[in-house]
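The next block holds one structure in the form of structure tokens; read it before the comments.
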Amino acid sequence: MKINRLTAEQLRKSILQLAIQGKLVKQDPNDEPASKLIERIYQEKQKLIKEGKIKKDKQESFIFKGEDNHYYEKIGKNIKDITEELPFEIPENWMWVRLKNISIINGGFAFKSSEFVSKENGIRILRISDFDERGLKNNNIVYYKYESKMFDYFLNNKNIVICMTGGTVGKSLLIKELKEKILVNQRVGNIKILNEMLPDYVDIVMKSELISKIIRKNKNSTNDNISIELIKLFFIPVPSIEEQLKIIVKYNKLLTQLTLYKNIFLYIFPLYIPVNIWYLRFLVNKTIHFSTLFYIKILNMLKNVKFLWIFTQLTLFMQLVLERP
């Protein structure tokens, strides 16, 4: 029997993919369809337009599924079949949208490095090098004297920032809690999710292979650049708010489990014990009713070399059980 050995990062990507395809949590037919959520978001955008807070999008997009099971995108009076552009099928009560349909997206300000000031005299600037997917970096921070024309470039809680240039193009970060005022530098995209959507769910989509593939396909091959216009056109699969919340909770729980998985990989992989397949299935398959605490205890016991033989037998047993039809 051939077993593929997956790293913790590969497992994380697999879990992300399951999440955005509607396969990570059980579908509930009683959940509100995503179409109603999208309608509320549309009304929210119209209100912001009337208040002069955002400009009307002349290329407003609406994606729908026709009676022929093809997906179409309506922009103005034009309707185009985009079935071949969509990477996978989603549940019936989900909807495809463009990222710009559920958010407000802007680039950063072109701050001059020659005019950086001390912390006491300025506001922190967020550059490409100042963040990664784990959070903000607090070394080599730079500051700039604030001017009123920079107001639109402030970063807010629950915004998502994305790198638009360089070797880390496409990396993104959900800003959960700012401890100081921050302005966004050029080549950093600033994405404000509209109120009806859950930013944590959009963050999951942004970190998935769906977005990575779009970036790899469209980035400038010379400088590894992507544009604000490309970011606005990212495809986002949207479930109901109820399911978004379930996905967020499940994904965060699995991230904790993956930390434990890294320990398994560290101790077991050198001995070539095929743990990966059954562990992934344990994480996502609700039909397995073993206690999570039971497995956590087992994982912690891996530090005891004498326990490895017992764990090997358990692994092989679980593999046989989970491979059964």
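None of the figures in this text is laboratory data; all of them are computed from the coordinates on show. Since the model is a prediction, treat every value here as computed from it, not as a measurement. No Cβ is skipped: glycine too gets one built from the backbone with ideal geometry, and neighbour counts run over all protein chains shown.
With both residues required to sit in the range 105-238, DSSP beta bridges show an antiparallel share near 85%.
Here the range 32-97 is assigned +1 on the Cβ of each Lys and Arg and -1 on the Cβ of each Asp and Glu. Its dipole about the Cα centre then comes out at about 700 debye.
When both the range 136-206 and the range 103-123 are represented by their alpha-carbon centers, they are found 12 Å apart. Summing +1 for each Lys or Arg and -1 for each Asp or Glu among the other residues whose beta-carbon sits under 15 angstrom from that of Tyr144 gives +1. Protection proxy ranking, highest mean first, for peptides 206-213, 54-61, 141-148: 206-213, 141-148, 54-61, where packing is the per-residue count of other beta-carbon atoms within 10 Å, averaged. Taking the dipole about the Cα centre of the range 32-97, with the C-beta of Lys and Arg at +1 and of Asp and Glu at -1, give me whichever of Trp94, Gln43, Ser61 is farthest to the positive side. Sorting the options by dipole projection puts first Gln43. Less than 5 angstrom separates the built amide H of Asn159 from those of Ile175, all sequence-distant by 5 or more or on a different chain.
Arg127 sits among other residues whose Cβ lies under 13 Å from its own Cβ, and their net charge, with Lys and Arg +1 and Asp and Glu -1, is +3.
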